[in-house]
Amino acid sequence: MTGVQQTGERVEALIAALGGSADPAAAGAAEELVGLLVGLYGDGLARVVAVLGDHGEAGAQLLDALTRDPLVASLLVLHDLHPLSTDERIKQALDQVRPYLGSHAGGVQYLGVTDGVVRLRLEGSCHGCPSSTVTVRLAIETAVREAAPEVTGVAVDGMTEPGAPALLQIGPAPSRAPGPAAGAGPGWVTLPALGPPSARPVTVSAEGVTVLLCSVRGTLYAYRDACARCGSPLGDGTLDREVLACPSCASRYNVRLAGQPLDAAGQPDTTAAHLDPLPLLADSQGVRVALPEAIRA
């Protein structure tokens, strides 16, 4: 959730609390005050964008730098001032997560936005990993929500999950969403500074959960730190390109293919269990992983 969304959620909660008080005039005044302030800084942002537009290439470069800041980008989108269209922002966001999606779903093709719903098509397969559907959904939802908060949902062709509809509902922006408080369900956690890529597996703690990170040709992959066969930690295991070996039972997994188990000959083992992958995003906010509520400490 961006800073703008968090602030908006808090403002609406305060206004709702005032609305339930004995003085309706106070609630009306609070809403008017918020509206005036939002309009004021919106007009200010519009003038900033206009001034940058008058300074040619230098101004365009400054505006591009500003849009790379998540907070500024959110404000520009809120006031319809972002220089990139919804299509362009979604494509840019998917480019950032595409390497990770490729390890779970083979790739993603953007088909456009229809009636506020983003249309995507997954290419390839997750090689039988049941957790990959959830992983891909979390990564796509987060990327789209942050890039284009104005969309209302994501429809993904090629994503199959028994008993689940094809439409992946993002729902309203968190500042408008009724029901449970923010933070329920899967949440993204920023990891500590990782340093340069390592040829060995690396473990870090995220809200009490030990996360295993593997770097393969410059791309990071995240998993729960537990062997699918014996349950032992994998931080002391060996990583040979994309193949991770458990230090306790010698089981091997392909970390590029959602933790796919391998047999003695290095071929996919359809009878064994996968590692448990965690969605990972690396952007201007750092390296983040999504932790389902069920595994948090």
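The values are calculated or read from the model by the stated rules, or taken from the named source; none is laboratory data. Note that the coordinates shown come from a computational prediction; the quantities given were computed from them, not determined experimentally. Cβ atoms come from the backbone with ideal geometry, glycine included; neighbour counts cover every protein chain shown.
For every residue, the table says whether it meets (1) crowded, with 22+ Cβ neighbours inside 10 Å; (2) not in a strand (DSSP E or B).
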residue: C214; (1), (2): yes, no
residue: A226; (1), (2): no, yes
residue: G235; (1), (2): no, yes
residue: T270; (1), (2): no, yes
residue: V287; (1), (2): no, no
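Quick one: is P292 crowded, with 20+ Cβ neighbours inside 10 Å and either closer than 30 Å to D69 by Cα or of a type in the set (S, T, Y) (or both)?
no
Residue check: is V11 more than 23 Å from the chain's Cα centre (by Cα) and surrounded by 12 or more Cβ atoms within 10 Å (Cβ to Cβ)?
yes
State whether one or more residues within segment 262-272 are under 28 Å from the mean Cα position of the chain (by Cα) and at pLDDT 90 or above.
no
Report whether or not H82 is surrounded by 14 or more Cβ atoms within 10 Å (Cβ to Cβ), at pLDDT 85 or above and either assigned by TED's automatic domain parsing to the domain that holds R145 or closer than 25 Å to G286 by Cβ (or both).
yes
Scan segment 237-259 residue by residue and report those that are surrounded by fewer than 21 Cβ atoms within 10 Å (Cβ to Cβ) and in a loop (DSSP other than H, G, I, E, B).
R241, E242, P247, S248, C249, A250, R256
Quick grid of which residues meet (1) in contact (Cβ under 8 Å) with a residue 60 or more places away in the chain; (2) assigned to a loop (DSSP other than H, G, I, E, B):
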position: E32; (1), (2): no, no
position: L75; (1), (2): yes, no
position: P83; (1), (2): no, yes
position: E88; (1), (2): no, no
position: D95; (1), (2): no, no
